[in-house]
Amino acid sequence: MAPVIKEFRLPDLGEGLTESEIVAWHVAVGDTVELNQVIADVETAKAVVELPSPYAGVVAKLHEQPGTVVEVGSPIVSFDVPGGDSGGGSGAGAGKATADDDDAQPAKREPNLVGYGAALEKSDRPARRARRSETPVTAETPAPAETPGLAATPVPVVSSVTAVPSAPADEPSVPAEAPRERPRSTPPVRKLARDLGIDLTQVNGTGPQGLITREDVLAAQEGAAHEGAAGKGHATPEAVSQPGGAPASSAAGERETRTPIKGVRKHTAAAMVASAFTAPHVTEFLTVDVTASMELLARLKTSRAFADVRITPLALVAKALCIALDRNPTLNSRWDEAAQEIVQHHYVNLGIAAATPRGLMVPNIKDAQTLGLRGLADALKNLTETARAGKTSPADLSGGTISITNVGVFGIDAGTPILNPGEAAILAMGSVRKMPWEYKDEIALRQVMTLSLSFDHRLVDGEQGSRFLADIGTILQDPGMVLTMV
Amino acid sequence: MLLNNEADAAQDELVQLIAPNGERRHHPVYDRWVADVDGEALQALYRDMVVIRRIDAEATALQRQGELALWPPFLGQEAAQIGSARALREDDFVFSSYRESGVAYCRGVDLTDLMRVWRGNASAGWDPFAINMAPTQVIIGAQTLHATGYAMGILHDGADSVAVTYFGDGATSQGDVNEAMVFAASYQAPVIFFCQNNQWAISEPVRLQAHVPIARRAPGFGIPSVRVDGNDVLACLAVTREALDRARTGGGPTFIEAVTYRMGPHTTADDPTRYRDANELEDWAAKDPIARLAGLLDAEGLLPAEVSDSVQASADDVAARLREGCISMPEPAAQDVFKHVYSEPNSWLERQQDQYERYLASFESPVSDSSEEASR
């Protein structure tokens, strides 16, 4: 029983989706997989989903690299399946079924996302869909009802015929070859052309009355292959518009790698541009001797109340920020351009910039002003764990009122952070360093940290921003000073 | 006693016979409805739930493999479906939505027939009168009217069978469901409205459309209602038996709100992480219907290895047969589309079929493709 190679073609994972992106492979060539074992993560316009293997066998080939956008029906993985048709009898069925679906669909299939309404195209998600070649689409547009008036419409390929402008609609003697919206062919041949990426308007039909035959399409493909389009025999629009599809395999000689702008990167970019060019940013710096705070942290570690939680400098800064914010509420407001109003928040949803597997995210701690140091530490732990697991929910990401970015963990001292859109301030905390510092009129080795505060100058004047930053500095320098503030 | 004839918050309490930790809870009203359920019967319920969960997993995989066009998972709702469906008699008639594949399994549907619609091979998968269950209804809530009409027919026949209709929390906001309840109450029709409140109407949380428990709506129509822990198979069995008994003895309709949770997406084309919190999922995972029955069985020594192995083998066998039936299903013939439009011959349809056949025939000889033109 010789092993048989079975191809798995990308199915339509939603209802009417035309393509999906391979996010990651969970298997490599040579791996033995079981039926229904998860082999890949695939992202459609709707969701990231896991692909279960349709066969039990050995992975023979991965056709596409992670990051590639693949058209529905294209082979993505091949398996060596022992002894012919064990179980998964219809390997071709998988592909064939989708191919048949293709046939039944109108020429241009736009995903109509069930449950999300039809207008999703206008949202930013599907914008990353690869461009589709327009010409075959035009060629495939179903001909409108053949009204006499249409007979005069010029058509590029079909040989010119005397137009019959005023023939009655049901006149039986209208010549069969009357000009139409698309070249003469049959559905199977049109499908073949679509699969091969051949524009039928560019093909000369050699069949009866100019009918484009299967042979004509194959000949046209031959011609196109000679003309250029290296390698990929399957010159789909994707292959052309996604040159960065396979960065990992880029040849040694290549001097640049081009990666499509999409996903979280794209959202981050849009948010940063919107923020940087909407809110006039001012950034102030303050370097503080935080030795006392560090000593406090060390003491808390031995305290029973904090035994099972790690209190970090971030938790301390978060608490200091909340206290300072209560005294300087302007920093906790929002500019509502549409309403021409300033919105003063009476709650603090504290955003924490987090590097996650999916990129930068700023989930926020709801009602952080109600939390004590212990509560904040717990909330920070939950938030970072959720973010690292990639499970941050949309609700966690929305509704922030002010943010902290901890660049100190990267060994950085200071920066000019850009505001999370809609917020009035963002605090960057630098790393804690031992530095020669003035202490009791002497030079001593002290632990210092630089705080960088950016604020929206439309909402916050220099005075308010400075007082806020100074308050945080005071608390970190001498935690006991909190007694004078609350 | 626990029926919400009066809208009373105290009566919003869930009927529960098995706690999430598997402990058997005693109930003054509902214990007697499951007094006959012995160890063997509990094991059978367990087997049913494990098997239908496996059906759900296999069908989901088949969709991801391109073998099904779509699949609406019922993961998490096994107890509501098994508990209610196993209470039914053969001559009762089920009118369900598209998510009640577990109920269809209990009615004895052929596994391949269960896949037919979702593979896109047929408009309806099975003969409704062979298993006394109407075809899958995709129009939200429409089946409640069909059930009520059928139940009115039962009245005219003088029979003591019952129509049972399944729908979700979202459907209760549909006009159809409300109209059905008006008719059911007016005629005192023997119909059970079994609402699986799985908390989400696609992306809409139930609290947006129901500020009080859904079960409280029914008394407004004059229909007694009960809220049951939808993840407790025994409680679902008990409340359904009570409602069946009421219907069979001329007591009219009952509304059951089974409070459960859709652990998976709305359909395989949905991404619930876009609209709901991962924590919520974890909370409900702790109330898993199968785990809690396993807990009870285990505590009573009713789940030895040979039983759980045999249950697992049943599930594997069902999954294998389901897969085989699905992937080896013959493609439907193009003309099949005309088959079930009318029950009797129709000249207009025959004309269309004739034209369509000539159109299809034209592909065999492209020279004479004038029929293609004619039919366009």
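Please treat every number below as a calculation from the coordinates, not as lab data. Just so it is clear, the structure is predicted and the values come from calculations on it, not from any experiment. Every residue, glycine as well, gets a Cβ built from its backbone with ideal geometry; the counts of neighbours run over all protein chains shown.
What the table shows:
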read-out	value
Packing-based exposure ordering (other Cβ within 10 Å, fewest first) of B:K287, A:K366	A:K366, B:K287
Approximate shape of segment A:265-484 as ellipsoid semi-axes (Cα gyration tensor, √5λ), whole Å, largest first	27, 21, 17
Square roots of five times the Cα gyration tensor eigenvalues for segment B:12-102, Å	29, 15, 13
Segment B:178-257: equivalent-ellipsoid semi-axes (sqrt of 5 x gyration tensor eigenvalues, Cα, Å)	22, 17, 9
For segment B:130-144, 3J(HN,Hα) per residue [Karplus equation, 6.51 cos²θ - 1.76 cosθ + 1.60, θ = phi - 60°, Hz, x = Gly/Pro]	6, 10, 6, 8, 5, x, 3, 9, 9, 5, 5, x, 4, 5, 5
Fewest-first ranking of B:D229, A:D461, A:D216, using other Cβ atoms within 10 Å as the exposure measure	A:D461, A:D216, B:D229
Flagged links, alpha-carbon separation over 30 Å, of A:K319/A:K434; A:K301/A:K434; A:K366/A:K440; A:K61/A:K381	A:K366/A:K440; A:K61/A:K381
Dipole magnitude of segment B:204-281 about its Cα centre (Cβ charges: Lys, Arg +1; Asp, Glu -1), debye to nearest 20	300 debye
Value of relative contact order over segment A:265-484, rounded to a whole percent, pairs C-alpha under 8 Å and six or more apart	30 percent
Pairwise Cα inverse-distance average, inverted: Kirkwood Rh of segment A:274-322 (Å)	13.4 Å
Partners for B:K339 among aspartates and glutamates (Cα-Cα distance below 20 Å; same-chain residues under 8 apart left out)	B:D113, B:D127, B:E331, B:E350, B:D354, B:E357
Order of A:S20, B:S84, B:S308 under a 10 Å beta carbon neighbour criterion, fewest first	B:S308, A:S20, B:S84
Cα pair distances in chain B, grouped into 20 Å bins until the bin that holds the longest one, percent each	27, 55, 16, 3
